[in-house]
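> So that we are looking at the same thing, I have put the structure below in structure tokens.
Read-outs: derived from the displayed coordinates by stated rules, not from any lab. Given the structure is predicted, the values throughout are model-derived calculations rather than measurements. With ideal geometry, Cβ positions are generated from the backbone for all residues, glycine too; neighbour counts draw on all protein chains shown.
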């Protein structure tokens, strides 16, 4: 950042926290590299834990000057080193330059220099966490509602993400079904009622996968976890490899009070032609919410 506009941004305190961490007076270490349609920012906070995060579709192309990589504040608060990968659009990371960056880092021993490495993301970012995992053998992957590929010759049933499908799926790291053979484990959170998400999970080698079924979360599993205040505990346990299936299912009990959950259940029951059961569920949901509101009002 050397032009006048960048200097104005710095003067106004609008630099992103990760950039201040790298270049501030405290003498932090790291790097920033722009590669074609993507960029990567690394903040070194020690060798004990590296988290590699990837933008999802909602975050991609954020025009703000103080944009954070996915999970940036959470990772910073935990004191973990962070390699945050930014996307300028719905690229699905089908860009030889960002793939080349990971290849160079792996060849230099970057990932091997950490005690633990976790690759994380949701949807498009979840795909990347799985697809790039082979660069970090022994790593943990935490992927929420991921795709395995958008190559229609491999997943002809995938009708979503048309812009992603139009990308170059002949590049390396294009099919996560073939890129997680050397990882330690992959925590995959998904809703089995979303058939395409289920089919993607079923393409993965199951001996490496811990399947966490967020029944009636819909595709936006991260949003549901955030709404029930469980996204951070979930991510902390998964990143450090301590998450168990029983613990996860205890975490998600509060989903039954979310309107998002109600809508997903109703949509699923409607698709299956169970309109009477759907109405019964809706009435029960409303009654429970009403009772809860009364209890809170009395307290």
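> Order the peptides 83-89, 203-209 from the highest to the lowest mean number of other Cβ atoms within 10 Å of their residues. The partial results should precede the final answer.
Details: 83-89: 22.0, 203-209: 15.1.
Averaged packing, sorted descending, gives the order 83-89, 203-209.
> Okay, next question. What's the ranking of 117-127, 224-234 by average number of surrounding C-beta atoms within 10 Å, highest first?
117-127, 224-234
> Something else now. Any idea what log10 I(q)/I(0) is at q = 0.11, 0.13, 0.22 Å⁻¹ for segment 65-164, Debye with uniform C-alpha scatterers and no solvent?
Relative scattering, expressed as log10 I(q)/I(0), comes to -0.36, -0.50, -1.33.
> Still on this structure, I have one more. Let me know the shape class of segment 236-288, please: from the alpha-carbon gyration tensor, a ≥ b ≥ c as square roots of the eigenvalues, rounded when a/c is under 1.5, otherwise prolate if a/b is greater than b/c, or oblate.
Prolate, because a/c is 1.5 or more and a/b exceeds b/c.
> Which label belongs to the value computed from this structure, given these candidates for Kirkwood radius over Cα pairs in Å: (i) 20.5; (ii) 21.2; (iii) 20.0?
Evaluating Kirkwood radius over Cα pairs in Å on these atoms matches (i).
> Using alpha carbons only, how many angstrom separate the centre of segment 252-270 from the centre of segment 190-204?
18
> I need the peptides 96-102, 173-179 ranked by packing, meaning the mean over residues of other C-beta atoms within 10 angstrom, with the highest value on top.
173-179, 96-102
> May I ask you to compute the full-extension gain from residue 199 to residue 211, defined as 0.36 nm times their residue separation minus their alpha-carbon distance, rounded to one decimal in nm?
3.1 nm is the gain from fully extending residue 199 to residue 211.
> What value, in deg cm²/dmol to 500, does the helix sum -39500 (n - 2.57) over DSSP H runs of n ≥ 4 give at 222 nm once divided by the residues of the chain?
-11000 deg cm²/dmol
> Right, next: Tell me the Kirkwood radius of segment 172-299: reciprocal of the mean inverse pair distance over distinct alpha-carbon atoms, in Å.
Numbers: mean 1/r = 0.0606 Å⁻¹.
Kirkwood radius, segment 172-299: 16.5 Å.
> Roughly speaking, what is the stretch gain from residue 162 to residue 113, that is 0.36 nm per residue apart minus the C-alpha to C-alpha distance, in nm to one decimal?
So the extension gain works out to 13.8 nm.
> Gain in length, residue 34 to residue 256, computed as 0.36 nm per residue apart minus the alpha-carbon separation, to one decimal in nm? Mind dumping the intermediate values first?
On the way: separation 222, 0.36 × 222 = 79.92 nm, distance 4.27 nm.
Stretched fully, the residue 34-residue 256 segment lengthens by 75.7 nm.
> Please give the helix 96-107 orientation as an angle from the longest Cα principal axis of the chain, in degrees from 0 to 90, rounded to the nearest 10.
It works out to around 70 degrees.
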